[in-house]
Amino acid sequence: MQISTDLDAALALLSRGEVVGLPTETVYGLAADALQPEAAARIFAVKQRPFFDPLIVHVADLAGAEPYVAAWPAGAVALAEAFWPGPLTLVVPKRPAIPDLVTSGLPFVALRAPRHPLAQALLRAYGRPLAAPSANRFGRISPTTAAAVVEELGAGVPLVLDGGPCAVGLESTIVAFPDGVPTLLRAGGIPLEEIERVAGKVSLDKKGNAAAPGQLPQHYAPRTPLRVVESVAAVGLEERAGTGLLAWGVFDGTGFAAVRNLSPGQSPTEAAAHFFSHLRELDASGVRRIVALGLPEEGLGRAINDRLKRAAH
């Protein structure tokens, strides 16, 4: 596997139906031509991802999405205009040009326009949409650096475009429109409160929806067992030996074998940017278990808590 910034090499691989590691502002994706079923199948194979889990399709902008959308639900265009390019995925009715394999046989496609300049450059140069779920083994910790992609997927990916660490660090927010009602399928890089300022009241999906990725009860999981606690005081001194702590703010880390602080100043934005990299570091540190502090259930904290809940399932 090669880490590079060579767009021409990436374009050549994509045109041959290969996969490429792609930086976005959320996490690194495993990209392939979304209009080639064989290329999409390569994504599933490299990630060891089940075919029932649909892929997000990336486009450069709203105009780039138009050829693949059968109809825009009310409010969807307003959300795209407000947040594209950016960490927002919209689940909308698809046209036949998008292969059923990409959408797991569903009549909807999950679309987003990434903000990262390297992703934008690749999409505009390639001129076709790219399917690009996170570049990790299925269910594992999402990568936020090119090196983490290499660690996760090794020789399965011939090239990773290096765009530096991901600025947002959490996957995109996913909104669908069942019966025309804006519905949050996955909390992510854009807080629910910002979505509602554009779309009005948003329904919360309580069931977990197969129309979107990242909906399984267990996901984003380290190999090391993880549990979520309300405070560091809930972890006794004896238990701290051999335990890694994923925390934020001011706390007493006495006795823990390893500690990573998402944000000493309790900034949800900083916490989101560090979340997956710190979790990956604790997972690799040799601790027997990880305990993590939850964040306030608002803004980006809601998205981080969602990842923690699935990682601890």
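The values are calculated or read from the model by the stated rules, or taken from the named source; none is laboratory data. Being a predicted model, the structure only gives us computed values, none of them experimental. Positions of Cβ are generated from backbone atoms using ideal geometry, with glycine treated the same way; all protein chains shown enter the neighbour counts.
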Would you be able to tell me the number of residues in the stretch 124-162 that are over 18 Å from the mean Cα position of the chain (by Cα) and more than 15 Å from ALA45 (Cβ to Cβ)? 6
Restricted to the stretch 99-152, and to residues that are assigned to a loop (DSSP other than H, G, I, E, B) and among the basic types (Lys, Arg), which residue is nearest to VAL27 (Cα to Cα)? ARG115
Identify, from the list PRO85, PRO93, PRO73, the residue that is in the same structural domain as LEU192 (by TED's automatic domain parsing) and either outside any loop (DSSP other than H, G, I, E, B) or among the aliphatic types (A, V, I, L, M) (or both). PRO93
In this structure, is VAL198 under 20 Å from ARG115 (Cβ atoms), at pLDDT 90 or above and not in a loop (DSSP other than H, G, I, E, B)? yes
The one condition in (1) among the β-branched types (Val, Ile, Thr); (2) part of a loop (DSSP other than H, G, I, E, B); (3) under 25 Å from ILE98 (Cα atoms) that ILE190 fails to fulfil: (3)
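Out of the residues in the stretch 246-274 that are in contact with a Lys or Arg (Cβ under 7 Å, 6 or more places away or on another chain) and among the hydrophobic types (A, V, I, L, M, F, W, C), which is nearest to LEU308 (Cα to Cα)?
LEU246
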Single match in ALA135, ALA65, ALA125, ALA121 (criterion: assigned by TED's automatic domain parsing to the domain that holds VAL150, within 25 Å of VAL157 (Cα to Cα) and surrounded by 22 or more Cβ atoms within 10 Å (Cβ to Cβ)): ALA135
The lone exception for ALA82 - which of (1) under 22 Å from GLY169 (Cα atoms); (2) modelled with pLDDT under 95 it fails: (2)
It is to be established whether one or more residues within the stretch 132-141 are of a type in the set (A, V, I, L, M) and over 25 Å from LEU300 (Cα atoms). no
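Conditions tested, residue by residue: (1) free of Cβ contacts under 8 Å to residues at least 12 places away in the same chain; (2) surrounded by 15 or more Cβ atoms within 10 Å (Cβ to Cβ).
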{"position": "VAL228", "(1), (2)": "no, yes"}
{"position": "GLY236", "(1), (2)": "yes, no"}
{"position": "ALA241", "(1), (2)": "no, no"}
{"position": "LEU246", "(1), (2)": "no, yes"}
{"position": "LEU262", "(1), (2)": "no, yes"}
{"position": "PRO268", "(1), (2)": "no, yes"}
{"position": "LEU279", "(1), (2)": "no, yes"}
{"position": "ARG288", "(1), (2)": "no, no"}
{"position": "GLY294", "(1), (2)": "no, yes"}
Counting only residues that are crowded, with 19+ Cβ neighbours inside 10 Å, outside any loop (DSSP other than H, G, I, E, B) and either touching a Pro at 6+ places or on another chain (Cβ under 7 Å) or not assigned by TED's automatic domain parsing to the domain that holds LEU106 (or both), how many does the stretch 35-62 have? 6
